[in-house]
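Student: I have a structure I would like to understand better, so I am pasting it below and will then ask my questions one at a time.
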Amino acid sequence: MSRLDLNVRLKLDRFTLDVADTLALQGITAVFGHSGCGKTTLLRIIAGLERGAAGRVAFNGEVWQDGPGTRPRPAHQRAVGYVFQDARLFNHLDVAGNLAYAARRAHQSSSALSQDAVAEALDLKPLLAQRCATLSGGERQRVALARAILVAPRLILMDEPLASIDGRRKREILPYIARLPRDFGIPVVYVTHAIDEVAALADQLLLMSEGRRVASGPVGEIMSRLDLFPLTGRFEAGAMLNVRVVGHDPQDRLTDVEFDGGRLSIPYVDVPIGDTMRVRIRARDVVLAVGAPASLSANNMLSGVVTDMREDEGTFVDVLVRCGSALLISRVTRRSVRRLDLSPGTPVLVYVKSITLDGYPARRDELPEKTNVERK
Amino acid sequence: MSGGGLDLAPVGLSALLAAVTTFMLLIIATPLSWWLAHTRARAKVLVEAVTALPLVLPPTVLGFYLLVVLSPTAPLGAAFVSLTGTTLTFSFTGLVVASVIYSLPFAVQPLQASFEAIGRGPLEAAATLGASPLDAFMTVATPLALRGYITAAVLTFAHTLGEFGVVLMVGGSIPGRTKVLSIAIYEHVETIDYASAHVLSAMMLAFSFLVLLLVFVINRRYPIRMS
């Protein structure tokens, strides 16, 4: 596991970025927050692209910059790969030329990564002779990704690489990113303001607001913290579960998944039976009931216990429910809370409509210790 | 009226002057335009204005000041004399110095525009790919600015070829040393040798047209586009 020590400050237009944290980088660490909260700037500071930044950056004990009086290590001597939002391919070179540019300047000469293998892994073989200007947005980002890998970095930084790509192509690229840490053994820090990218990719999360670190830790943990709801997505907020695929129903286009709190049917996803994946359950789509189940579909009925409640200043109350070892969140009205007499410790039935569930098929079976299911 | 063989020495001298000036200017203008494209210093506007002065100043005015500064009685001119034993005024070297200053904006402005169009993006990308600033400049900025370099070179060459007032002030009209094409044409007209003036002028006209055509074709065809 890699460690990234941050204690950095930089004055920006609207606020001063001030982040101090030690990140245990494993798999993909998402830096998440509203637009303009300083995520990208933080990433640029790590890469050495912000000259005015003060403070300390150290990766695995190797100091990249330190307090006043010391000279920060310039960007080209930091062993990072950087994927920019706008790809920034070199238009005067073809695809192969872009890859070779990185490979010639690799930080670790002993790197076992060949241009050929990386091009193969990212399905770039047919594009190698193409001019960069002729590539689609998705292809450009795949080339940028390959280029960042080929510089043999010890850390890959990605700045909203999918932000300028449309929905369908986004889903095509996600698996390549998800496989990065496993296939190439390089941890990734991934800046995004899109909750689905967090759900699809992230193992760890650093939550930011107005230039500050708000929280960091495993995604499931941060996402189920009620106090962070205003930042983790007001109406989109919800729990993230790691589940195992147990069956497909091709007729009804459903996939059955299981976790230690029960079973759920979700819209069909193309994941082999036995594999794990992630499901996001929005708080507003979770219905709570008390007492014997009525004639509801038993499929998506789970039983759990209320563990925490938090009142919104408006109409809502967010209720945290433990199902097995997983935490689900339900957003209900104050009236429902009174009517059902909900309080911490109340046993409840949890109902989730299948259609509202988002499944993220990026395979996560290599990182079992990160799942809510298996964590005790 | 024309005395038999037309003296083509001024053509060769003009071409040589233009070539040397272009070469010198690309070397001088590169760091200057790079600085102008990337600096946030307040002095930027000042430097930009000074660089653009030759565009608006009457060539005779520029030539007059250069004559004053380069003359052996002025510190700069005197220093040159004590170093080399020859004067800057009324010499080919003096013409090069004058031409470099006179054509400076024609080299700086296209280069600065190119560097600004490239922006910091590709250079930052190069840095994250392990390229040192010099490496990034040579392998990314220069090829991306190729169009700017071609435009700068062509404009500088053509502009130097066409200069008159500055050259006359600083260099006079010494055959084989400072008598360039435009001065030769002027003298042919003065001596009512229109035939020779016609030949030289037509050469200038054709050359200038071809040069501009080349610039526009390059700008249209050249495949490099910023993202």
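Student: Residue under question is A:Arg131, and the condition is that it be within 8 Å of another protein chain (Cβ to nearest Cβ), farther than 17 Å from B:Leu123 by Cα and not aliphatic (A, V, I, L, M); does it hold?
Tutor: Taking the combined requirement at face value, the residue satisfies it.
Student: For segment A:164-174, enumerate the residues that are within 16 Å of the chain's Cα centre (by Cα) and open to solvent by less than 50 Å² (accessible area, probe 1.4 Å).
Tutor: A:Ile173, A:Leu174 - these are the residues of segment A:164-174 that are within 16 Å of the chain's Cα centre (by Cα) and open to solvent by less than 50 Å² (accessible area, probe 1.4 Å).
Student: Taking the condition at negative phi, in contact with a helix residue (DSSP H, G or I) (Cβ under 7 Å, 6 or more places away or on another chain), assigned to a helix (DSSP H, G or I) and of a type in the set (Asp, Glu), does B:Glu187 pass?
Tutor: For B:Glu187, the condition - at negative phi, in contact with a helix residue (DSSP H, G or I) (Cβ under 7 Å, 6 or more places away or on another chain), assigned to a helix (DSSP H, G or I) and of a type in the set (Asp, Glu) - is not met.
Student: Under 7 Å between Cβ atoms, at least 6 apart or on separate chains: pull out the pairs that start in segment A:167-183 with a residue that is part of a helix (DSSP H, G or I) and end on any residue that is polar (S, T, N, Q).
Tutor: A:Ile173/A:Gln141
Student: Provide a single number: the residues in segment A:191-220 that are among the hydrophobic types (A, V, I, L, M, F, W, C) and closer than 16 Å to A:Arg171 by Cα.
Tutor: Residues meeting the conditions: 7.
Student: For segment B:115-176, please list each of the helices (runs of 4 or more DSSP H) lying entirely inside it that holds at least 1 residues being free of Cβ contacts under 8 Å to residues at least 60 places away in the same chain, under 25 Å from the mean Cα position of the chain (by Cα) and at the interface with chain A (Cβ under 8 Å from one of its Cβ atoms).
Tutor: none
Student: Can you pull out every residue in segment A:52-70 that is in a loop (DSSP other than H, G, I, E, B) and either surrounded by 15 or more Cβ atoms within 10 Å (Cβ to Cβ) or within 13 Å of chain B (Cβ to nearest Cβ) (or both)?
Tutor: Residues satisfying the conditions are A:Gly52, A:Ala53, A:Asp66.
Student: I'm trying to understand the selection: among the residues of segment A:141-155, which are in contact with a helix residue (DSSP H, G or I) (Cβ under 7 Å, 6 or more places away or on another chain) and of a type outside the set (A, V, I, L, M, F, W, C)?
Tutor: A:Gln141, A:Arg142, A:Arg147
Results for (1) open to solvent by 50 Å² or more (accessible area, probe 1.4 Å); (2) in contact with a strand residue (DSSP E or B) (Cβ under 6 Å, 6 or more places away or on another chain); (3) of a type outside the set (A, V, I, L, M, F, W, C), shown as yes or no for each residue.
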{"position": "B:Asp7", "(1), (2), (3)": "yes, no, yes"}
{"position": "B:Ala18", "(1), (2), (3)": "no, no, no"}
{"position": "B:Phe23", "(1), (2), (3)": "yes, no, no"}
{"position": "B:Leu36", "(1), (2), (3)": "no, no, no"}
{"position": "B:Ala43", "(1), (2), (3)": "no, no, no"}
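Student: Can you name every residue in segment B:119-140 that is surrounded by fewer than 20 Cβ atoms within 10 Å (Cβ to Cβ) and among the small types (Gly, Ala, Ser)?
Tutor: The answer is B:Gly119, B:Gly121, B:Ser132.
Student: For segment B:87-113, what are the residues that are under 8 Å from the mean Cα position of the chain (by Cα), small (Gly, Ala, Ser) and either farther than 24 Å from B:Gly77 by Cβ or surrounded by fewer than 24 Cβ atoms within 10 Å (Cβ to Cβ) (or both)?
Tutor: Scanning segment B:87-113 gives a single hit, B:Ala107.
Student: Related question: Could you check segment A:138-151 and list, in sequence order, the residues that are of a type outside the set (Val, Ile, Thr) and in contact (Cβ under 8 Å) with a residue 40 or more places away in the chain?
Tutor: A:Arg140, A:Gln141, A:Ala144, A:Leu145, A:Ala146, A:Arg147, A:Ala148, A:Leu150
Student: Can you tell which of A:Gly238, A:Gly233 is farther than 14 Å from A:Thr29 by Cα and touching a Lys or Arg at 6+ places or on another chain (Cβ under 6 Å)?
Tutor: Every option except A:Gly238 fails the conditions.
Student: Is it true that some residue in segment A:276-286 is under 19 Å from the mean Cα position of the chain (by Cα), open to solvent by 30 Å² or more (accessible area, probe 1.4 Å), touching a residue at least 12 places away in the same chain (Cβ under 8 Å) and closer than 30 Å to A:Lys11 by Cα?
Tutor: Within segment A:276-286, not a single residue is under 19 Å from the mean Cα position of the chain (by Cα), open to solvent by 30 Å² or more (accessible area, probe 1.4 Å), touching a residue at least 12 places away in the same chain (Cβ under 8 Å) and closer than 30 Å to A:Lys11 by Cα.
Student: Within segment A:41-51, identify whether any single residue is crowded, with 21+ Cβ neighbours inside 10 Å, of a type in the set (Val, Ile, Thr) and closer than 16 Å to A:Arg154 by Cβ, and answer yes or no.
Tutor: There is at least one residue in segment A:41-51 that is crowded, with 21+ Cβ neighbours inside 10 Å, of a type in the set (Val, Ile, Thr) and closer than 16 Å to A:Arg154 by Cβ.
Student: How many residues does segment A:91-122 contain that are in a loop (DSSP other than H, G, I, E, B) and either open to solvent by 20 Å² or more (accessible area, probe 1.4 Å) or within 13 Å of A:Ala47 (Cβ to Cβ) (or both)?
Tutor: Qualifying residue count for the region: 12.
Student: Please state which one of A:Arg88, A:Arg73 is within 11 Å of chain B (Cβ to nearest Cβ), in a loop (DSSP other than H, G, I, E, B) and under 19 Å from A:Ile46 (Cα atoms).
Tutor: Going through A:Arg88, A:Arg73 in turn, the sole match is A:Arg88.
The values are calculated or read from the model by the stated rules, or taken from the named source; none is laboratory data. Owing to the predicted nature of the structure, the values given are computational and were not obtained by experimental measurement. FYI the Cβ positions are ideal-geometry reconstructions off the backbone, even for glycines, and counts take in every protein chain you see. The accessibility values were calculated without ligands, DNA or RNA, using every heavy atom of the protein model including side chains. Shrake-Rupley method; radii C 1.70, N 1.55, O 1.52, S 1.80 Å.
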